[in-house]
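Worksheet for the structure shown next.
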Amino acid sequence: MIALGIESTAHTFGVGIVKKNGKILANVKETYKSMGLVPRELFDHHCKKAALIIKEAFIKANLKFEDIDLISFSQGPGIGNALIVGATIARLISLKYNIPLVPVNHCLAHILIGKKLTNCKDPIVIYASGANTQIIGYENKRYRIYGETLDIGIGNLLDMFGRALGIKFPAGPELSKIYYKAKNYIDLPYTVKGMDFAFSGLYTAAINKINRVNKEDLIFSLLHNAFAMLTEVAERALSHSEKKELLVAGGVCCSKPLQEMLAEMCKERKIRLCIPPNDVLVDNGTMIAYAGFFSKPVPIEKSKIKPKQRIDEI
Ligand code: FE2
C-alpha cells in the first residue's frame, strides 16, 4: 500500500509518498517565507508551487499516479485559504485516478509519524508549532488535550518577537542560536494557569524591554520562560498519566534549547524523550500520507476543510 499526502495548513505546501510500513519514498516541500502569513498570499504561493512539487515527489519516488492506493490531505487545523489548495488538489487527483480520498488531522499526523520514526508507543506529546501549542495524551480511546495555550501559539510568539528584532521568519532557529550567547536572566512573565499557559504577557513585556536591556539576555530569557512553561505542564501531564515517554511534534521542537530542557526533565523522571528528525517536526506531506493509513476514505462531499478542527474532536 502506498499513500500520497498533501500538506497545506499554513506556510508549507508539501507532498509526501509513503509506504504503509513507514518507508518514506518522497518528501518534497516549499515554504512561503515572509514577515507574516497573509492568507491570500499563501493561497497564491501554494497554487503556483503545487504542480511542480507533486511532479518532483513522483520523480523522487519513481512512481506514477496509478501506483497510489490512497490520497490524503490536511483537513485542519489551519488557515482556510491555505487548506483549500491542498484539499482541492487531493479531490481532483482522487476523482481523476479513482483513488480513495482520506482527510487527515494535521496534529494527529505529526503524532503518528513521530511515534513511528522514534518507535514510541504511548507518549505524552508536546505539540509546539506556529499557531498550535498543546500538551496531548491518549486516554480512553482518544487523544485528549491536557493543556494548551490560552492565547497565541509559541511559534507565533517567537516569530513576532523575532520580527521586532529584525530577525526574519521563521525566527526560532536564529533565536535558539543567540540563546547560548546570553550571560544574564532578565525577569519576564511566566504564565501557567493549571494545565494551560499563555504567551502574550511574556511577548508584551519582552517587547517593552527591547533597546533597554542586552539583546542576547532578553532573547535567552524569553525563550527560557516559554520553554519552561511547556516543560512544566508536560512534566505534570507525565506525572498524572504515569506515561513513560515524551514525544515532541511541531517545528518549534527543532529548538536545541527546548530539547535540552526537556532532556533534563526527562532524565530526572526516567522518561524516554522521543525526538523525530527535523524533517517531520516541521510541516511536511510525509506525515499526512502516513496518517492516511489510519483513517477511512470519505466521499468528496464529506471532505470539507475544517480550519478549527481539534485533535480531541476526532
Ligand atoms: Fe504542524
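The values are calculated or read from the model by the stated rules, or taken from the named source; none is laboratory data. Since we're looking at a predicted model, the values are computed, not measured. Cβ: placed from backbone, ideal geometry, glycine included. Neighbour counts: every protein chain shown. Surface areas here come from the heavy atoms of the whole protein model, side chains and all, with no ligands, DNA or RNA. Shrake-Rupley method; radii C 1.70, N 1.55, O 1.52, S 1.80 Å.
Give the long-range amide H neighbours of residue 273: residues separated by 5 or more places, or on another chain, with amide H under 5 Å away, using H modelled in the peptide plane at 1.01 Å from N.
Amide H neighbours of residue 273, under 5 Å, 5+ apart: 246.
Please flag any cysteine in the chain that has no other cysteine's Cβ under 4.7 angstrom from its own Cβ.
Result for the chain is 47, 107, 253, 254, 266, no neighbouring Cys Cβ within the cutoff.
Expressed in nm to one decimal, what extension gain is obtained for the pair residue 296 and residue 168 from 0.36 nm per residue of sequence separation less their Cα-Cα distance?
Numbers: separation 128, 0.36 × 128 = 46.08 nm, distance 4.00 nm.
Separation in residues times 0.36 nm, less the Cα-Cα distance, equals 42.1 nm.
Need one number: convex hull volume per residue for segment 122-277, Cα atoms only, in Å³. Could the numbers behind the result be given before it?
Values: hull volume 16.3 nm³, N = 156.
Cα-based convex hull of segment 122-277, divided per residue, equals 105 Å³.
Restricting to segment 122-277, what percent of DSSP beta bridges are antiparallel, rounded to 5? Walk me through the intermediate numbers first.
Values: 13 of 21 bridges.
Of all bridge pairs located within segment 122-277, approximately 60 percent are antiparallel.
Send over a whole-number figure in Å² for the accessible area per residue of the chain, probe 1.4 Å. Working shown, then result.
Values: 14230 Å² over 314 residues.
With the other protein chains kept in place, the chain gives 45 Å² per residue.
For the chain, with all protein chains present and a 1.4 Å probe, just round the carbon and sulfur fraction of the accessible area to a whole percent.
Working: 7430 of 14230 Å².
Looking at the chain in its full context, I get 52 percent from C and S.
Taking only Cα atoms of the chain, what ratio of Rg to Rh do you get with Rh as the Kirkwood inverse-distance radius?
0.98
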